[in-house]
1. Residues that are hydrophobic (A, V, I, L, M, F, W, C), surrounded by 19 or more Cβ atoms within 10 Å (Cβ to Cβ) and outside the structural domain of Asp178 (by TED's automatic domain parsing): find the strands (runs of 3 or more DSSP E) completely inside the range 30-138 holding 1 or more of those.
2. Can you name the number of the only condition in (1) more than 14 Å from the chain's Cα centre (by Cα); (2) closer than 28 Å to Asp139 by Cα that Ser102 fails?
3. Collect the residues in the range 138-163 that are more than 25 Å from Trp184 (Cα to Cα) and without any contact (Cβ under 8 Å) to a residue 24 or more places away in the chain, keeping them in residue-number order.
4. Taking only pairs six or more apart or across chains, which ones have beta-carbon atoms under 7 Å, a first residue in the range 203-217 that is among the aromatic types (Phe, Trp, Tyr), and a second residue that is in a strand (DSSP E or B)?
5. Does the range 120-176 hold any residues that are at pLDDT below 95 and either within 15 Å of the chain's Cα centre (by Cα) or closer than 24 Å to Met215 by Cβ (or both), and which are they?
6. Find the residue count for the range 134-160, including only residues that are closer than 25 Å to Thr17 by Cα and not small (Gly, Ala, Ser).
7. Of all residues being part of a helix (DSSP H, G or I) and at pLDDT below 95 in the range 188-214, which is surrounded by the fewest Cβ atoms within 10 Å (Cβ to Cβ)? Just the residue, please.
8. All but one of (1) in contact with a Ser or Thr (Cβ under 6 Å, 6 or more places away or on another chain); (2) modelled with pLDDT of 90 or more; (3) of a type outside the set (A, V, I, L, M, F, W, C) hold for His232; state the number of the condition that does not hold.
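The values are calculated or read from the model by the stated rules, or taken from the named source; none is laboratory data. Computed from a prediction, not measured in an experiment: that's the story for all the values here. Using ideal geometry, Cβ is built from the backbone for each residue, glycine included, and neighbour counts are taken over all protein chains shown.
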Amino acid sequence: MKNPMLPILMRLDKITTETTDQNIKTFELAFTRDEDRKAFSYLPGQFAEVSLFGKGEAPFGIASSPSEPNLKFSVNKTGVVTLTMHQLEPGEIVGVRGPLGSSYPLETLKGKDIVIITGGFAFTTLRALVKYILDTGRDNYGKITLLYGARNPGLLLYKDELREWATRSDLNLVLTIDAPSPGWTGKVGLLPNVLKELAPGARDAYALVCGPPIMIRFTLPVLKDLGFDPDHVILSLEKRMKCGVGMCGHCNIGPELVCRDGPVFTLAQLESLPNEE
């Protein structure tokens, strides 16, 4: 059995600066051994621990789809590990532990309409989900609505891909920013308000939500008003990740360990747990 605490070595192939404030970059990592590539079997929604030698490690949602050859991690510059990552150059070697955690319930979603609501940096694993569906079996799912928002246009991730997705007839992409901005032609308004305006149907549909806590807090009541049952609302708690394998206990919510039992949960599951911030 593979030691879950032992990272594999991966080579940094490409770095993309995602936002105009340069605080978020996407790192594309290539496997250095074929056996590692074959063993790293994952699905959208899972995460991994990225380690920098001499600095430590940190958990990140996997932003790439399994249909892509390399792993992608979008990293917000917030601490020692992430600051050091932002200083890396292509060709450098990092460690990766994973895949870890649960994935989005792809089998459950088949044949259903999917409404994705996400804000800013939280788009990473949902980007992986959309990419995977489009690459491997779009006809297996119903209507897909992607509502993605940011404070301003410069903070939207994966801009080239968003432009491509906007041209597709099998994906309803709705972009919004918090306040008017010169040249912006998309929606203007906070995500919960735009969701209320769109009013997607809840029948035979699932809502997938990931974003800042304040966004989620005001989005859930809108979904309830639209008729989404708690077991048809799916969230990711990847921000609570620490060691990733349930040993440190820092990610517990009541009896659940988010890294072992999540990070993907239905709202119904979360409502049965203690209320923790």
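1. Numbers: elements: 47-52, 56-61, 71-76, 93-100, 113-119.
By residue number, 47-52, 56-61, 71-76, 93-100.
2. Only one criterion in (1) more than 14 Å from the chain's Cα centre (by Cα); (2) closer than 28 Å to Asp139 by Cα is unmet by Ser102, namely (1).
3. Within the range 138-163, Asp139 is the sole residue that qualifies.
4. Tyr206/Ile114; Tyr206/Ile234
5. Correct list: Gly120, Phe121, Ala122.
6. First, the residues of the range 134-160 that are closer than 25 Å to Thr17 by Cα: 134-135, 146-160.
Narrowing the set further to residues that are not small (Gly, Ala, Ser) leaves 134-135, 146-148, 151-153, 155-160.
Residues in the range 134-160 being closer than 25 Å to Thr17 by Cα and not small (Gly, Ala, Ser): 14 in total.
7. Initially, the range 188-214 is screened for residues part of a helix (DSSP H, G or I), giving 191-198, 213-214.
Of the ones still in play, those that are also at pLDDT below 95 are 213-214.
Numbers: Pro213: 9, Ile214: 11.
Looking at residues that are part of a helix (DSSP H, G or I) and at pLDDT below 95, I get Pro213.
8. (1)
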